1. Inspect all residues belonging to region 168-181 and state whether any of them is modelled with pLDDT under 95, in contact with a strand residue (DSSP E or B) (Cβ under 7 Å, 6 or more places away or on another chain) and over 18 Å from residue 247 (Cα atoms).
2. Identify, please: which residue in region 73-107 is in a strand (DSSP E or B) and either without any contact (Cβ under 8 Å) to a residue 60 or more places away in the chain or out of contact with any helix residue (DSSP H, G or I) (no Cβ under 8 Å at 6 or more places or on another chain) (or both) and is, among those, surrounded by the fewest Cβ atoms within 10 Å (Cβ to Cβ)?
3. Tell me, yes or no, whether region 217-239 has at least one residue that is in contact (Cβ under 8 Å) with a residue 60 or more places away in the chain, out of contact with any helix residue (DSSP H, G or I) (no Cβ under 6 Å at 6 or more places or on another chain), surrounded by fewer than 19 Cβ atoms within 10 Å (Cβ to Cβ) and over 30 Å from residue 19 (Cα atoms).
4. Anything in region 240-252 that is surrounded by 15 or more Cβ atoms within 10 Å (Cβ to Cβ) and either in contact with a helix residue (DSSP H, G or I) (Cβ under 6 Å, 6 or more places away or on another chain) or not in a helix (DSSP H, G or I) (or both)? List them, or say none.
5. Looking at 37, 110, 114, which is the one that is in contact (Cβ under 8 Å) with a residue 12 or more places away in the chain, part of a helix (DSSP H, G or I) and more than 23 Å from residue 154 (Cα to Cα)?
6. Return the residues of region 196-216 that are assigned to a helix (DSSP H, G or I) and either touching a residue at least 24 places away in the same chain (Cβ under 8 Å) or surrounded by fewer than 17 Cβ atoms within 10 Å (Cβ to Cβ) (or both); say none if nothing qualifies.
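The values are calculated or read from the model by the stated rules, or taken from the named source; none is laboratory data. It should be emphasised that the depicted structure is a prediction, and the values quoted were computed from it without experimental measurement. When we count neighbours, we look across all protein chains shown, and the Cβ atoms used for this are built from the backbone with ideal geometry, even at glycine.
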């Protein structure tokens, strides 16, 4: 079994070309989740199904048949809680993680779902300038909230790495780390990120190149790209929050903003959370 995780579309012709791989199959509607999982499991190991839903989370039709499938459900909006509450009993039975945008509604929705025991995640690609103060409130709740709640990514992964002294790219919590995930299109071309896949920026043109030194070198170069910020004397390299952020929000910024203060605050929160850690929590069924 190959250890690299591949994020690929639910294209039967493509899946038939893959064997003994770790797959995250991407679908565009909840109705495709079960067929995609079944197809991926024919010849490969299914890590999860990533569903890029077009409808609000509260309007999705949840199915009992999802129960044995790890699912990353990416919703454009949270919607109305009264609608979500109708399916809460079923949501809690599922091996589900709900990803919401980093906007006001998404942050509120993530907190609500986590408080009800449903793992959540925040994605940043839809919001160019997050509300760092609102994000800090959610982060503090995620790591210091006294009432029992499900984990919220990427805060959980960032905190775990920091507590264990590991220098890892927390982007894997949101499927954005080529050391953990490579992105494949329907033709079998490989990109290092979802953004580069959409832009047509590939590091390999065919599945036969997946395990070659060319791809391995591209992944290693991306892993070490942070060093250029130091060579360029970029302001991110001088930021007190570097240890956590590692320059992930450097693109498109020509001067510091509140992100530096956010990550410095988060380091303080992580340190405080270490003192408050209780009994070992149950291991999650799946985690990005």
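1. There is at least one residue in region 168-181 that is modelled with pLDDT under 95, in contact with a strand residue (DSSP E or B) (Cβ under 7 Å, 6 or more places away or on another chain) and over 18 Å from residue 247 (Cα atoms).
2. Our first condition is that a residue be in a strand (DSSP E or B); within region 73-107, this holds for 73-74, 96-101.
Those still in the list that are either without any contact (Cβ under 8 Å) to a residue 60 or more places away in the chain or out of contact with any helix residue (DSSP H, G or I) (no Cβ under 8 Å at 6 or more places or on another chain) (or both) too: 73-74, 96-98, 100-101.
Details: 73: 25, 74: 20, 96: 24, 97: 27, 98: 26, 100: 26, 101: 22.
If we take residues in region 73-107 being in a strand (DSSP E or B) and either without any contact (Cβ under 8 Å) to a residue 60 or more places away in the chain or out of contact with any helix residue (DSSP H, G or I) (no Cβ under 8 Å at 6 or more places or on another chain) (or both), then 74 is surrounded by the fewest Cβ atoms within 10 Å (Cβ to Cβ).
3. Filtering region 217-239 down to residues in contact (Cβ under 8 Å) with a residue 60 or more places away in the chain leaves none.
So far as region 217-239 goes, no, none of its residues is in contact (Cβ under 8 Å) with a residue 60 or more places away in the chain, out of contact with any helix residue (DSSP H, G or I) (no Cβ under 6 Å at 6 or more places or on another chain), surrounded by fewer than 19 Cβ atoms within 10 Å (Cβ to Cβ) and over 30 Å from residue 19 (Cα atoms).
4. Result: 241, 244, 245, 246, 247, 248, 249, 250.
5. Numbers: 110 fails: more than 23 Å from residue 154 (Cα to Cα); 114 fails: more than 23 Å from residue 154 (Cα to Cα).
37 is the lone residue from the list that is in contact (Cβ under 8 Å) with a residue 12 or more places away in the chain, part of a helix (DSSP H, G or I) and more than 23 Å from residue 154 (Cα to Cα).
6. First pass over region 196-216, keeping only residues assigned to a helix (DSSP H, G or I): 196-199, 207-209, 213-216.
Once the filter is applied, which keeps residues that are assigned to a helix (DSSP H, G or I) and either touching a residue at least 24 places away in the same chain (Cβ under 8 Å) or surrounded by fewer than 17 Cβ atoms within 10 Å (Cβ to Cβ) (or both), region 196-216 yields 196, 198, 199, 207, 208, 209, 213, 214, 215, 216.
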